[in-house]
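Undergrad: Dumping the structure here so I can ask a few things about it.
Computed from the coordinates by the stated procedures, all read-outs in this text should not be read as laboratory data. Note that this is a predicted model, so its numbers are computed, not measured. As a convention, Cβ positions derive from the backbone with ideal geometry for all residues, glycine included, and neighbour counts pool all protein chains shown.
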Ligand code: FES
């Protein structure tokens, strides 16, 4: 192989690798199917002891999304998706305030309904359907 052919071949190879480096993340993004995975999960079961006493909560996965189950001080249990409507941080239950709080920018949500009550969140949290049975909590899409 002469020098010219070798340089030609090397340039084509490097260009091809460069193109794959650009195309790979784009193809992965387009085929991630994140929205489809969320739609496939319609119900999950949580153990009864996931929220053992009033004032406790637990973050869990609902499909690909974080969700939260809360047992409020009055014993009422609620489940909501836990993605903040502002910029997508995962929210958590603040037992002292009895509210759902976002640590990123101080957003606050009602712990029962998920209504946005203060801070920057522009929309409420999405509530999940919760059914309490003898063998656990059944959490599903509304
Ligand atoms: S991401 Fe939650 S308040 Fe900004």
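Undergrad: Taking neighbour counts of Cβ atoms within 10 Å as a proxy for exposure, in what order, fewest first, do 105, 86 appear?
TA: The fewest-first ordering by Cβ neighbours comes to 105, 86.
Undergrad: Another question about this same structure. Sorted by packing (mean other beta-carbon atoms within 10 Å per residue), highest first, where do 63-69, 9-15 land?
TA: Descending packing order for the listed peptides: 63-69, 9-15.
Undergrad: Another one. Could you work out the Rg to Rh ratio of the chain, with Rh taken as the Kirkwood radius (inverse of the mean 1/r over all Cα pairs)?
TA: A ratio of 1.30.
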